[in-house]
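To start, the structure itself, in structure tokens.
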Amino acid sequence: MRAGAYACRLRTIREGFGPVMYCRFLIIGLFLWTGACVGSESGQCSTSADCAPGMICHNAACIEDFSRQADAGGGGGGGGGGGGPVHCRVTADCPDHQYCYLGTAECRDLEPPGCRTDAQCRADERCEIAEGRSIGTCGGGGGGSGCVGDGDCGAGERCEDGRCIGLPDGDCVDRQDCPASLSCQDGNCVRLPSRLGEDCGDEQECGSGETCLRVTDTDTICTQACGRGDDCPSGYFCYNLAGGRICLDDRLLQPAATADLRTGDQCVQENAARVCQSLLCLGQIQTTCRSNCSRDNHCQAGQNCHLFQGMREDGTSFMVDLCAEPGEFGGRPGRSGPGSFCMGHDECVSGACIENVCRSICCNSSDCPGGEVCSLQSFALDAETTRMATICLPTQGGTQPGRAQAGASCRQPTDCRSARCLVPQGEDQGFCLDSCCGHSECSGTSVCLTNFLEGPPAALVNLCLP
């Protein structure tokens, strides 16, 4: 996209955030984690041994083991080779003498009576680990339901005296003990009012259906999922952070401005006090707010949701999603629809050519053609820049998708439109897992929450969770 085609003056934009047509830039640094860690790209599993190389088992699903791609080499205890703590999602990510402390997503040393192998017990003891547990106790321990902290126990349990004990109905230790639509406050599952944009220390401090994310070096705030700028309340803009779309407070913009202009509103591209909630102010004779997007029906008639890739004047690469007409920007987007053969992204109306096939951009699997599901896909823009987006792709192993929507109950992947059914160990029924752009796309009491996948590259994904 050339700056001359649309009169938006270029500005210096931090690496990784904002394309040339963004007339504002964000003060957003590397975020660290969210309170929930759920993968979406996988088949079912009981342990990581059930998964392919480079994958681990998490929440009964094989997900990419991003943490083991780092130079530190994945295992390693605190300071393992890199001088700092090893980040984790589950205890299986840690060396045998450690466990995953979910409060900071770091591996910490086990303390007696906790154990993971017999070698951590006395000669006359064994490490007994109950089915479905990652930590046991030395010397018996009443069935091996050992724990070091509440994070070692299942939902609806707390750790007391090295053992996991059940909580009364409606009681909680943290938010994971409650339905996703509720929060844990004073030991009870309750619905909390929105705290969108306010500072937070963890998920417990955000409103129900919101996620606590670190978005700058100094700001950790409550966020909510979105699909486009018009989904966010006034004063917020919808932004794609590494695959997960969230509403961010306009106080993160530089220069300072209020984000309250909707799609189609007239806008000013330079030194504006009010800006578009999509951050896209485009036009030749008259400039108006252009919608960003996560699916085609976010766009006007004649437009498609397009992933536009380009290069700034300083030589850095960018990718932005926006509603665009075929050929609108110097021949881009292309005119090849979903399923068409392609040799490059520019040929497709979506801007997504995956394995020589044009693919659609999606919020959830219902946006996809039959036999395809909405999956998180990485785009290598250059040797140093990778971006993430949700794309319609064929199911793994040729699994035929079912009809049940995200959050609905299921027994097997073929029950779900996403072909992903997560069934907790020891139970015969689980729920359909799928990506989302908002709460309305989730069934029953499920809500759309932003979940973190450890890097590199770091990734976020919005998922419907019960």
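The values are calculated or read from the model by the stated rules, or taken from the named source; none is laboratory data. Just so we're clear, the structure is a prediction, and the values are computed from it rather than from any experiment. Note: ideal-geometry Cβ built from the backbone for every residue, glycine included; neighbour counts use all protein chains shown.
Residue-by-condition table, conditions (1) modelled with pLDDT of 80 or more; (2) among the charged types (D, E, K, R); (3) surrounded by 15 or more Cβ atoms within 10 Å (Cβ to Cβ):
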| position | (1), (2), (3) |
| --- | --- |
| ARG68 | no, yes, yes |
| GLY81 | no, no, no |
| HIS87 | no, no, yes |
| ASP93 | no, yes, yes |
| GLN98 | yes, no, yes |
| THR104 | no, no, no |
| CYS107 | no, no, yes |
| THR117 | yes, no, no |
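If you filter the stretch 289-332 down to residues that are more than 17 Å from GLU347 (Cα to Cα) and of a type in the set (A, V, I, L, M), you find that the one that is surrounded by the fewest Cβ atoms within 10 Å (Cβ to Cβ) is ALA301. When each of PRO326, PRO401 is tested for being more than 30 Å from GLN284 (Cα to Cα) and either assigned to a strand (DSSP E or B) or touching a residue at least 12 places away in the same chain (Cβ under 8 Å) (or both), the lone residue that passes is PRO401. For the stretch 242-262, residues that are β-branched (Val, Ile, Thr) and surrounded by fewer than 23 Cβ atoms within 10 Å (Cβ to Cβ) total 1. I need the full set of residues from the stretch 320-335 which are modelled with pLDDT of 90 or more, out of contact with any strand residue (DSSP E or B) (no Cβ under 8 Å at 6 or more places or on another chain) and either of a type outside the set (D, E, K, R) or on the phi > 0 side of the Ramachandran plot (or both), in order please. Residue satisfying the conditions is GLY327 alone. Could you say whether any residue in the stretch 388-408 is touching a Pro at 6+ places or on another chain (Cβ under 8 Å), modelled with pLDDT of 85 or more and closer than 15 Å to PRO466 by Cβ? The answer is yes; a qualifying residue exists. Set side by side, the residues CYS421, CYS464, CYS436 differ, and just one is touching a residue at least 24 places away in the same chain (Cβ under 8 Å) and touching a Lys or Arg at 6+ places or on another chain (Cβ under 8 Å), which is CYS421.
Residues checked against (1) under 23 Å from CYS358 (Cα atoms); (2) touching a strand residue (DSSP E or B) at 6+ places or on another chain (Cβ under 6 Å):
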| residue | (1), (2) |
| --- | --- |
| SER375 | yes, yes |
| SER418 | yes, yes |
| SER443 | no, no |
| ASN451 | no, yes |
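On inspection, GLN286 passes the criterion of being surrounded by fewer than 22 Cβ atoms within 10 Å (Cβ to Cβ), in a loop (DSSP other than H, G, I, E, B) and out of contact with any Gly (no Cβ under 9 Å at 6 or more places or on another chain). In the condition set (1) surrounded by fewer than 20 Cβ atoms within 10 Å (Cβ to Cβ); (2) closer than 20 Å to ILE246 by Cα; (3) of a type in the set (Asp, Glu), ASP434 is compliant with all but (1).
Considering the stretch 148-241, the qualifying strands (runs of 3 or more DSSP E), each wholly inside and each with 2 or more residues that are modelled with pLDDT of 70 or more, run over 183-185, 188-190, 211-214, 220-223, 236-241. Just so you know, in the stretch 333-378 the residues that are among the β-branched types (Val, Ile, Thr) and without any contact (Cβ under 8 Å) to a residue 40 or more places away in the chain include one that is surrounded by the fewest Cβ atoms within 10 Å (Cβ to Cβ), and it is VAL357. When LEU252, LEU182 are checked against the criterion of being aliphatic (A, V, I, L, M), in contact with a strand residue (DSSP E or B) (Cβ under 8 Å, 6 or more places away or on another chain) and more than 17 Å from LEU465 (Cα to Cα), LEU252 stands alone in meeting it. Which one is nearest to ASP382 (Cα to Cα), of the residues in the stretch 303-323 that are free of Cβ contacts under 8 Å to residues at least 40 places away in the same chain and part of a strand (DSSP E or B)? Per the stated criteria, the residue is MET311.
Name the one entry in GLY235, GLY207 that is small (Gly, Ala, Ser) and either crowded, with 19+ Cβ neighbours inside 10 Å or over 25 Å from CYS305 (Cβ atoms) (or both). Talk me through it step by step, then tell me what you get.
Values: GLY235 fails: either crowded, with 19+ Cβ neighbours inside 10 Å or over 25 Å from CYS305 (Cβ atoms) (or both).
Exactly one residue qualifies, and that residue is GLY207.
Residue count for the stretch 419-458, restricted to those that are modelled with pLDDT of 90 or more, charged (D, E, K, R) and under 12 Å from the mean Cα position of the chain (by Cα): 1.
Can you spot a residue in the stretch 354-364 that is of a type in the set (Ser, Thr, Tyr), modelled with pLDDT of 90 or more and farther than 14 Å from MET319 by Cβ? Can you show your working first?
As a first pass, look at the stretch 354-364 and keep what is of a type in the set (Ser, Thr, Tyr): 360.
Restricting the remaining residues to those that are modelled with pLDDT of 90 or more gives 360.
Retained after the next criterion (residues that are farther than 14 Å from MET319 by Cβ): 360.
Yes, the stretch 354-364 contains at least one residue that is of a type in the set (Ser, Thr, Tyr), modelled with pLDDT of 90 or more and farther than 14 Å from MET319 by Cβ.
For the stretch 367-398, a tally of residues being outside any loop (DSSP other than H, G, I, E, B), under 22 Å from GLN309 (Cβ atoms), in contact with a Gly (Cβ under 9 Å, 6 or more places away or on another chain) and polar (S, T, N, Q) returns 3.
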